[in-house]
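Below is one structure, written out as structure tokens; the observations come after it.
The values are calculated or read from the model by the stated rules, or taken from the named source; none is laboratory data. Because the structure is a prediction, the values reported are computed rather than measured. Heads up, the Cβs are rebuilt from the backbone with ideal geometry, glycines too, and the neighbour counts pull from every protein chain shown. Side chains are part of the model used for accessible areas, which takes the heavy atoms of the whole protein and leaves out ligands, DNA and RNA. Shrake-Rupley method; radii C 1.70, N 1.55, O 1.52, S 1.80 Å.
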Number of protein chains: 2
Amino acid sequence: MQIGMRTDTNPTLADKLAAAIADGILNGRLPPGERLDEVGLAEQHGVSRTPVREALRQLAMSGLIDMRPRKGAIVSKATPEEIESLFVAMAEMEATCARLAAMSMTPIERRRLQARHESMVALAAAGETEAYSDANVAFHSAIYAGAHNAPLADYAMNLRRRVGPYRRAQFRVDGRLLRSNQEHDAVVRAIVSGDAAGAHAAMIHHVSLVEDAFEAFAAINAA
Amino acid sequence: MQIGMRTDTNPTLADKLAAAIADGILNGRLPPGERLDEVGLAEQHGVSRTPVREALRQLAMSGLIDMRPRKGAIVSKATPEEIESLFVAMAEMEATCARLAAMSMTPIERRRLQARHESMVALAAAGETEAYSDANVAFHSAIYAGAHNAPLADYAMNLRRRVGPYRRAQFRVDGRLLRSNQEHDAVVRAIVSGDAAGAHAAMIHHVSLVEDAFEAFAAINAA
DNA sequence: GCATGCCGATTTGCATACAAGATGGATGCC
DNA sequence: GGCATCCATCTTGTATGCAAATCGGCATGC
């Protein structure tokens, strides 16, 4: 259910276009609400409309864009209620993955998760927002993978992508880095010790706070 | 993330085709592994290949079919491990929805869920497999809806569709109807009383047993 | 002044045509 | 006889062309 699902060497033009457009959305070059004109995209990428249309359909199913018959496609522009739903959904998916990870990660995976977490402490302390953000994605991805369940992991990743446009620069809210790292600590401890319920709770707590941070950031920007 | 996501009057041909093909897969007319030839489907539906290709791409993203570049599309044929993953994922999604439903259903929704459940008792007692199965889908759908979270509900529905081809006639395993109804009772009680953790646990238990029933059924058929 | 209907321009939906990679079977070779 | 190779054929991928619906502006009428 994820964008890169058809991971294959020899990708078709439509696949490459879908990846490119998704990238544009995630980078903010294509903001929510932006109109996705078929001929425009086609010319821009030097292809015909056919692969563009296929790419758009693919993206529509992933939820990144909205298509309405005969009305064209736009980058998904969620209402505040829908954004709230996305955040709740992501929190639940992350928590579920954490729960399963606590139950089914291998000893090696647990150790690697712990190591990964510990290496992030330094980044947080140094206030390296950029590097921390990247490491953070990898950290969460490791937990998805640790759930050992492709459908759930894919959907968690999908949701993470979808909320991306709405939480850019979340770590800029002051103090967020250190808080985040402390919360990770609770999550890691629960997972490593095999405490499924604890992992679920700690992760829900963590992601909910991320949402709060988003709201704080949105409030700052609105001001 | 669901097939009928682009629910709109004025559906495009590709949308109608996607619905038709999905229907064929869910009805078993197109069994897992079946090749989906573009020209064949096009002729069969009296259209050109263009909308067929768009429909296939849509279905590929939903997970119902597998497409590989330049190799065509087939109805998804999951390995036993993948089927196991799908069942686990579905159990988790259902449990998550049940948890949220326990937290956020309105009093009216709770009463309706209870009523729906009670009307199923009679069907189970009478052994009306067909009617019970339909009511069962509606019952679970009501819980998805009660979660008040579209992304999670859609994905739960998607998973339900995807496991469909692998659990046809599950209720034929003897005694399954009554057991199912008893398990529903626990789920309903927890949701109605607002016991989030209890709802989660009861639903996991229920869906896991469905999976066992599937395995029992598969074993019978293999014999 | 505002609503309504009409018409041109634009855009999407679909069909057809063409190109290129994959498939399968016959052929030649060892 | 078995195996690799090559070629005809089929299937998928992409481009182009045409039909139909939508959108915007303008004129018309109230």
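Some values worked out for this structure:
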read-out: A:L36, A:L30, reordered so the largest accessible area comes first (probe 1.4 Å); value: A:L30, A:L36
read-out: In the A-B interface, the accessible area buried, summed over both sides, Å² (probe 1.4 Å); value: 3600
read-out: Backbone HN-Hα couplings from phi across segment B:100-117 [Karplus 6.51/-1.76/1.60, Hz, Gly and Pro as x]; value: 5, 4, 4, 7, 10, 5, 6, x, 4, 4, 4, 5, 5, 4, 4, 4, 4, 4
read-out: Helix-only mean residue ellipticity at 222 nm for chain B, each DSSP H run of n ≥ 4 adding -39500 (n - 2.57), per residue, nearest 500; value: -24000 deg cm²/dmol
read-out: Shortest-first nm distances, B:S104 label point to equivalent points in other copies (7 Å, Cα→Cβ); value: 2.6
read-out: Probe 1.4 Å, protein heavy atoms only - accessible area per residue of segment A:120-198 in square angstrom; value: 41
read-out: Shape metrics for chain A, restricted to C-alpha atoms - Rg then Dmax, Å; value: 18.6, 54
read-out: Interface residues in segment A:10-36 - accessible area drops by 20 Å² or more relative to the isolated chain, probe 1.4 Å; value: A:N10, A:T12
read-out: Full-stretch length increase - A:A126, A:N10 - with 0.36 nm per residue and alpha-carbon distance subtracted; value: 37.6 nm
read-out: Kirkwood Rh and Cα Rg combined as Rg/Rh, segment A:9-75; value: 0.93
read-out: Descending Cα extents along the principal axes, the protein assembly as shown, whole Å; value: 67, 53, 44
read-out: Closest approach to the axis - chain B beta-carbon, rotation onto A, Å; value: B:M61, 2
read-out: Segment B:7-148 - percent of accessible surface contributed by carbon and sulfur, probe 1.4 Å; value: 52
read-out: Segment A:72-93-segment A:25-61 distance, computed between alpha-carbon centres (Å); value: 20
read-out: Within 10 Å of each Cβ in A:52-61, the average number of Cβ atoms from other chains; value: 5
read-out: Using a 7 Å Cα-to-Cβ projection, A:G46 label spacings across copies, nm, ascending; value: 4.3
read-out: Relative contact order (%) - criterion: Cα under 8 Å, at least six apart; region: segment B:54-152; value: 29
read-out: Solvent accessible area, Å² - A:I25, 1.4 Å probe, full protein context; value: 0
